[in-house]
1. D for region 13-170, whole µm²/s, Stokes-Einstein with Kirkwood Rh over alpha-carbon pairs at 25 °C and 0.890 mPa s: what number?
2. Convert each backbone phi in region 100-110 into a coupling constant with the Karplus relation 6.51 cos²θ - 1.76 cosθ + 1.60 (shift: θ = phi - 60°), then list the ³J(HN,Hα) values in order as whole Hz, x for Gly and Pro.
3. Could you give the distance between the Cα centres of region 121-145 and region 43-95, to the whole Å?
4. Can you give the net charge of the other residues whose Cβ lies under 13 Å from the Cβ of V136, counting K and R as +1 and D and E as -1?
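A short reminder: the numbers here are calculations on the coordinates, not readings from a lab. Quick caveat: nothing in here was measured; it's all calculated off a predicted structure. Note: ideal-geometry Cβ built from the backbone for every residue, glycine included; neighbour counts use all protein chains shown.
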Amino acid sequence: MPHSKTWLALGSLAVLAAACAQSPKHAEMANAPGANVPTPPNVDRTKCDEKGKTVITADTNLDQKPDVWKFYQSMNVSGQKTEILTCKEVDLNHDGKVDLVYYYDDKGATLTLDEADTDFDGKFDMTRYYANGKVVREELDTNFDGRPDVWKYFEDEKLVRQERDTNNDGKVDEWEYYEGGKLDRIGYDTTGNGTVNKWDRAPENEEESGGGAAAPAAKEGAAAPAAPTTPPPAKATAPTTPPPVKAAAPTTPPPAKAATTPPAAKK
């Protein structure tokens, strides 16, 4: 559903209509019932509720319409009343609808969540969760049906796992694991029971994620002996030279026989 706000003047202080607070724009993408996706971090979404807050607007493209809304809440900090930034909304394409939302912590300095409408259809299709200011989880709705189908997990802002719902049934059926920033192994659910039953580059006789870290080493260690299998080419090259030598030996006699053509000249 479109989410829009009308404001009287640039820089004016205003309170948003209560109905807007119920807009789907502020509702996270919903997982299907029975989904096998880990629960996302808890985020206080009331930080973008205008109730009890002061809202300041900005017009960045000078078209006399606001495209940035900042929500401030009065808080007592060390005995002093302070306005703390709780939320910021942005209209990226200047169509009057919010396309990007930032949620901040209780100090108003660190992000806890941001959501984006990347295709400008009025619904969020990307959500990122933060811990201590660093992204720890990202959800994507790649087919724009209102439900996430790709989940990414980060440690120290490095991708360590990516999960996919490839058949759009609301459940993860493909797991990608990364080691040192590189794809290490992929698990598949080919039965629809929500768990891995097939691996690519998985450890031998071990499908639990706990042994995943050792899997690459064991796999690569097994691959190392395979490298010496290159001797076959060496054996193949050894006999290649003798045949040419044998073929070259009888080449001179034929020219000698060819010299018998003079009888034709006598004719």
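1. This corresponds to a translational diffusion coefficient of 146 µm²/s.
2. 8, 10, 10, 10, 10, 6, 5, 9, x, 10, 10
3. 20
4. 0
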